[in-house]
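Everything on this sheet refers to the single structure shown next.
The values are calculated or read from the model by the stated rules, or taken from the named source; none is laboratory data. None of the values given here were measured: they were computed from a predicted structure. Here the Cβ is made from the backbone with ideal geometry for all residues, glycine too, and neighbour counts use every protein chain on show.
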Ligand code: GLY
């Protein structure tokens, strides 16, 4: 018997919606999407990998409710999240005669969710869309909160819109189709929630993380629900990131510089960069006397227990020096009036936003992390 579906409400007034979390939700998608439809027809955009795994199940689920489906499968991978596939998606939606009152469905990971959400935001000045996230990263982060967009040659996510979905269906059964590496990359974002605002949840992850990674369904639902709950609460407070929403970027200032330095390649997946970035944010916090020296070690111990990347030494290939990494941080969207904004922590579960990080301390933390890459490893 499958477990009950958990529902997290994202309380945004006229743009409020539910995130439903549970097993087998793709197979139940027809009944759940039907109440949102003005006519029994949806346009689904996915990628080729996800299509092979889940599109037939979604089509059957929709057909059982008498909903017709038309689908476009874009190439899988981050390179899809640019102008050319975006234009292809929008033009396909127009060719399919998607109308203002119709619903577009984004079936896939973060790339598909962000791109299709942005297409829905601009199509006929805005149509509704439903997120059906299939990666852990998309279930706990990118499908919730309405950030949509694409990458440009100047950087990631520099073009986009806030456009909230009408419904999010996070089918945790889909997580069993992920590679271990992709699953753990998404888990980097789960750890982030514990670190930024819920020490008890971090403790729960320390105990239950290994079982969760090994496939424990109840643990997976709990971790996704708690992550989404925290995100929903922050987004409801600060939808357009004027303040507190920046907390969700714990680890991301370092991560974005590392992703740029590794060419957005599979040397470093986004969630891996987030995990390393969280460890560095705790190093920086400890160095500034904000938290004890034990806290960064505890963060790393959990990442190590999960078999995750946690240090610059875990990134294969060359990295630039600290000066270049700091320059790359300057390209981040979080720069305000030329000042870098960091999410630091007074302890596990106690993050805050600041633009007061002395440049020399930042450089020291990065120099030490880079030096550890070349140090001979202990037996
Ligand atoms: N991924 C960060 C945010 O949604 O604000």
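Any chance region 239-246 includes a residue that's outside any helix (DSSP H, G or I), out of contact with any helix residue (DSSP H, G or I) (no Cβ under 9 Å at 6 or more places or on another chain) and within 16 Å of the ligand (Cβ to nearest atom)? Step through it out loud before you land on a result.
Just the residues of region 239-246 that are outside any helix (DSSP H, G or I), to begin with: 239-243.
Filter once more, so that each one left must be out of contact with any helix residue (DSSP H, G or I) (no Cβ under 9 Å at 6 or more places or on another chain): 240, 242.
Restricting the remaining residues to those that are within 16 Å of the ligand (Cβ to nearest atom) gives 240, 242.
The answer is yes; a qualifying residue exists.
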#### Entry: Residue that is farthest from residue 195 (Cα to Cα) [pool: residues in region 247-257 that are within 12 Å of the ligand (Cβ to nearest atom) and assigned to a helix (DSSP H, G or I)]
256
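When region 225-237 is examined, which residues are found to be in contact with a helix residue (DSSP H, G or I) (Cβ under 8 Å, 6 or more places away or on another chain) and away from the ligand (no atom under 15 Å from the Cβ)? Full working, then the answer.
Residues of region 225-237 that are in contact with a helix residue (DSSP H, G or I) (Cβ under 8 Å, 6 or more places away or on another chain), as a first pass: 226-228, 230-231, 234-235, 237.
Of everything in region 225-237, just one residue is in contact with a helix residue (DSSP H, G or I) (Cβ under 8 Å, 6 or more places away or on another chain) and away from the ligand (no atom under 15 Å from the Cβ), namely 226.
Okay, residues lined up against (1) touching a helix residue (DSSP H, G or I) at 6+ places or on another chain (Cβ under 9 Å); (2) assigned to a strand (DSSP E or B); (3) at pLDDT below 95:
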| residue | (1), (2), (3) |
| --- | --- |
| 123 | yes, no, no |
| 137 | yes, no, no |
| 144 | yes, no, no |
| 151 | yes, yes, yes |
| 183 | yes, no, no |
| 190 | yes, no, no |
| 207 | no, no, no |
### Task
Sort through 109, 146 and tell me the only one that's closer than 25 Å to residue 192 by Cβ, within 16 Å of the ligand (Cβ to nearest atom), touching a residue at least 24 places away in the same chain (Cβ under 8 Å) and surrounded by fewer than 24 Cβ atoms within 10 Å (Cβ to Cβ).
146
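Can you find a residue in region 64-86 that is under 18 Å from the mean Cα position of the chain (by Cα), in contact (Cβ under 8 Å) with a residue 40 or more places away in the chain, within 15 Å of the ligand (Cβ to nearest atom) and under 26 Å from residue 185 (Cβ atoms)? Before the answer, list the steps.
Taking region 64-86 as the starting set, the residues that turn out to be under 18 Å from the mean Cα position of the chain (by Cα) are 76-82.
So of that shortlist, the ones also in contact (Cβ under 8 Å) with a residue 40 or more places away in the chain come out as 78, 81-82.
Filter once more, keeping what is within 15 Å of the ligand (Cβ to nearest atom): 81.
Subsequent filtering for residues that are under 26 Å from residue 185 (Cβ atoms) retains 81.
Scanning region 64-86, I find at least one residue that is under 18 Å from the mean Cα position of the chain (by Cα), in contact (Cβ under 8 Å) with a residue 40 or more places away in the chain, within 15 Å of the ligand (Cβ to nearest atom) and under 26 Å from residue 185 (Cβ atoms), so the answer is yes.
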#### Entry: Odd one out for residue 263 among (1) part of a helix (DSSP H, G or I); (2) under 28 Å from residue 306 (Cα atoms); (3) over 14 Å from the mean Cα position of the chain (by Cα)
(1)
### Task
State whether the residues of region 264-273 include one that is more than 16 Å from the ligand (Cβ to nearest atom), free of Cβ contacts under 8 Å to residues at least 60 places away in the same chain, buried (at least 20 other Cβ atoms within 10 Å of the Cβ) and at negative phi.
yes
### Task
Kindly check whether there is at least one residue in region 164-177 that is closer than 26 Å to residue 329 by Cβ, within 16 Å of the ligand (Cβ to nearest atom) and either touching a residue at least 60 places away in the same chain (Cβ under 8 Å) or buried (at least 17 other Cβ atoms within 10 Å of the Cβ) (or both).
no
### Query
Scanning for something under 27 Å from residue 268 (Cα atoms), more than 14 Å from the ligand (Cβ to nearest atom), surrounded by fewer than 19 Cβ atoms within 10 Å (Cβ to Cβ) and touching a residue at least 12 places away in the same chain (Cβ under 8 Å), does region 127-142 turn up at least one residue?
no
### Message
Tell me whether region 328-338 contains one or more residues that are surrounded by 17 or more Cβ atoms within 10 Å (Cβ to Cβ), modelled with pLDDT under 95 and not in a loop (DSSP other than H, G, I, E, B).
### Response
yes
## Note on the structure
Taking region 149-158 and the residues there that are within 16 Å of the ligand (Cβ to nearest atom) and touching a strand residue (DSSP E or B) at 6+ places or on another chain (Cβ under 6 Å), the one that is farthest from residue 35 (Cα to Cα) would be 158
### Task
For residues that are farther than 19 Å from residue 158 by Cα and assigned to a loop (DSSP other than H, G, I, E, B), tally how many sit in region 79-108.
7
### Message
Being away from the ligand (no atom under 16 Å from the Cβ), at pLDDT 95 or above and touching a helix residue (DSSP H, G or I) at 6+ places or on another chain (Cβ under 9 Å) is the requirement here; does residue 279 meet it?
### Response
yes
### Message
Given (1) closer than 17 Å to residue 171 by Cα; (2) surrounded by 13 or more Cβ atoms within 10 Å (Cβ to Cβ), identify the lone condition not met by residue 56.
### Response
(2)
### Query
Given the conditions (1) touching a strand residue (DSSP E or B) at 6+ places or on another chain (Cβ under 6 Å); (2) crowded, with 24+ Cβ neighbours inside 10 Å; (3) without any contact (Cβ under 8 Å) to a residue 60 or more places away in the chain, and given that residue 250 satisfies all but one, which numbered condition is not satisfied?
(3)
### Task
Considering (1) in contact (Cβ under 8 Å) with a residue 24 or more places away in the chain; (2) touching a strand residue (DSSP E or B) at 6+ places or on another chain (Cβ under 9 Å); (3) surrounded by 15 or more Cβ atoms within 10 Å (Cβ to Cβ); (4) closer than 20 Å to residue 134 by Cα, say which one residue 37 fails and leave the rest.
(4)
